[in-house]
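Note sheet for the following structure.
What follows draws every value from the coordinates through simple rules; no lab data is involved. Owing to the predicted nature of the structure, the values given are computational and were not obtained by experimental measurement. Virtual Cβ from ideal backbone geometry, glycine too; neighbours counted across all protein chains shown.
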Amino acid sequence: MASGVKPRVKVPKTAEAGEAITIKTLISHKMESGQRKDGDGKLIPRSIINRFTAEFNGENVIDVALEPAISTNPYFQFDAIVPESGEFTFTWYDDDGDIYESTKTISVA
Amino acid sequence: MTTHTRQFNRRSILSLGGCALAMTAVVGTPAFASLTDDAIAALTGGAGAVEGGISITAPEIAENGNTVPVEIDAPGAVAITLFADGNPTPSVATFKFGALSASRTASTRIRLSTTQNVVAVAEMEDGSFQMAKANVKVTIGGCGG
């Protein structure tokens, strides 16, 4: 499932030093649970994103392990502290080995 | 998000009208509850989790079990694991909070196959475990069966 996967992330462009900001992430992915059956009654094999991480300048913010019970197009909202200007890196790990990455820069006024 | 909130309010008011008792009776314990208990026991190393300090926000009624918004808030937690005790596989997700996490809260959207409890188990900084439960009534299940 490498086609049509598009990460979307919402991070404020600026913040004050040490401020807590809210981050929203969404990635388009069908998150096939491995429970569904196709027209012939055969199980459709599982194909999900199994891990999501967010880092700021190399320091971890959140690390999520996903199971098939996470909805299609996995969405996460969480809070992060911004100590200085820098870059957020968001990484999604697919069952098939693909890694999707998105970065956002934020500047501290 | 807005529709869910509105739904929640309207149904809450309805349930005040006298069917609250009946609704509690219908909820019962889902068939797969023991799977969740096993999973929680495995997570806590048999120590068990006490209900308290943490909270879980989920709609009381979810029309579509394919995408149910859930928010967890566990001040002082290092990790939170979510379970859905009526799903074929109870595990939903594990959130580990890093050094730059501002608050021990997170929101996501999950699949629920049927009416059931969503359980959050938080591992606290001192190694103890706390849990919170929310019952969600599902109109259309989200496992595609």
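Provide a single number: the residues in segment B:55-79 that are over 11 Å from the mean Cα position of the chain (by Cα) and either under 13 Å from B:Thr115 (Cα atoms) or buried (at least 22 other Cβ atoms within 10 Å of the Cβ) (or both).
Here is the first cut: in segment B:55-79, the ones over 11 Å from the mean Cα position of the chain (by Cα) are B:61-67, B:73-79.
In the following step, the residues that additionally are either under 13 Å from B:Thr115 (Cα atoms) or buried (at least 22 other Cβ atoms within 10 Å of the Cβ) (or both) were identified as B:61-66, B:74, B:77.
The number of residues fulfilling the criteria is 8.
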Checklist outcome for this item: Counted residues in segment A:76-92 being buried (at least 18 other Cβ atoms within 10 Å of the Cβ) and within 13 Å of the chain's Cα centre (by Cα) come to 5
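Anything in segment A:21-73 that is small (Gly, Ala, Ser) and assigned to a loop (DSSP other than H, G, I, E, B)? List them, or say none. So that I can check it myself, show each step before the final result.
Residues of segment A:21-73 that are small (Gly, Ala, Ser), as a first pass: A:28, A:33-34, A:39, A:41, A:47, A:54, A:58, A:65, A:69, A:71.
Result: A:Ser28, A:Ser33, A:Gly34, A:Gly39, A:Gly41, A:Gly58, A:Ala69, A:Ser71.
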Next on the checklist: Whether any residue in segment B:122-130 is within 12 Å of chain A (Cβ to nearest Cβ) and polar (S, T, N, Q) is what I want to check.
Outcome noted: no
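Output the residue which, of all residues in segment A:36-55 that are among the hydrophobic types (A, V, I, L, M, F, W, C) and without any contact (Cβ under 8 Å) to a residue 40 or more places away in the chain, is farthest from A:Asp96 (Cα to Cα).
Filtering segment A:36-55 for residues that are among the hydrophobic types (A, V, I, L, M, F, W, C) and without any contact (Cβ under 8 Å) to a residue 40 or more places away in the chain, the one farthest from A:Asp96 (Cα to Cα) comes out as A:Ala54.
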Checklist outcome for this item: Filtering segment A:11-68 down to residues that are within 8 Å of chain B (Cβ to nearest Cβ) and closer than 20 Å to B:Ser91 by Cα yields A:Ser33, A:Gln35, A:Arg36, A:Ile62, A:Asp63, A:Val64, A:Ala65, A:Leu66, A:Glu67, A:Pro68
Item to check | Conditions (1) more than 10 Å from chain B (Cβ to nearest Cβ); (2) within 25 Å of B:Thr81 (Cβ to Cβ); (3) of a type in the set (S, T, N, Q); (4) part of a loop (DSSP other than H, G, I, E, B): number failed by A:Thr89 | outcome: (4)
Checklist entry - In this structure, does B:Thr81 turn out to be more than 7 Å from chain A (Cβ to nearest Cβ), of a type outside the set (A, V, I, L, M, F, W, C) and within 18 Å of A:Phe76 (Cα to Cα)? => result yes
